[in-house]
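The values are calculated or read from the model by the stated rules, or taken from the named source; none is laboratory data. Since the model is a prediction, treat every value here as computed from it, not as a measurement. Heads up, the Cβs are rebuilt from the backbone with ideal geometry, glycines too, and the neighbour counts pull from every protein chain shown. Side chains are part of the model used for accessible areas, which takes the heavy atoms of the whole protein and leaves out ligands, DNA and RNA. Shrake-Rupley method; radii C 1.70, N 1.55, O 1.52, S 1.80 Å.
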Amino acid sequence: MVDTITMWIETVMSTEWIYPLVGALIFGDCFFPVLPSEIPLNMAGAWSGSQGFPHLPTMFFVALIAAMMGDNLCFLLGTRFMPLLQRVPKGSKAYEGLKWVKRNMRRGGGAAIIIARFIPSARLFMTILLGSMRFPWLVFVFFDTIGVALWAAEALAIGYLGGMAFSNSPVLAVVVSIIAAVIIGVGLQKLQNKFTEWWDTRRGYAETP
């Protein structure tokens, strides 16, 4: 079983098809965040660190273009996607992401756009809300580009460092890189949540969306 998985990963990672495949996953994640697109980026970065392929700058460019295309299309279709937000059940993870977006948008759209790129559910709701409220598109493009660039660089860097550390076992490098990325991502989100709750308390913001 392990050998089969290893062979499949090697086959995909060692061909040029890895670029459109990862690009398609990132683009789709902008609309349907079932599998966070950080994972294929972590995998590509880990394989690059251990085996020298795929080409990291090319993968970064693919991720940048795919994510920006998805975010901007979602932004432009924001008004059509609004019914999705109205059906989000309270208490769900998606509802928490929506609450985060609404609270952070009060502080400033630019910073919220950048931070939301690192939170799968939040980045979807952010683009929908901004599109539906006719947020200036050029301003969105500017901050979204920054957020996507930082997000892609972080995901690839974590994978690449894991790949270098476990260069003799590329599959192990992929697994370790994904675990490290999840731990770092959850940790950063918890720290950000604690800071925003403290800041909300000081400024008197309500906790409900």
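Ranking Trp8, Trp47 by solvent-accessible area of protein heavy atoms (1.4 Å probe, all protein chains present), from largest to smallest, gives Trp8, Trp47.
A full extension of the chain between Val139 and Trp17 corresponds to an added length of 40.6 nm, given 0.36 nm per residue minus the alpha carbon distance.
Report the FRET efficiency, 1/(1 + (r/R0)^6), for Arg80 and Ala153, where r is their Cβ-Cβ distance and R0 is 22 Å, rounded to 0.05.
After rounding, the FRET efficiency stands at 0.10.
Using a probe of 1.4 Å, the accessible surface attributed to Met82 totals some 50 Å² when neighbouring protein chains are kept in position.
The length gained on full extension between Ser132 and Ile65, counted as 0.36 nm times the residue separation minus their Cα-Cα distance, comes to 21.8 nm.
Provide Ser169, Ser50 ordered by accessible surface of protein heavy atoms (probe 1.4 Å), highest first.
Order by accessible area, largest first: Ser169, Ser50.
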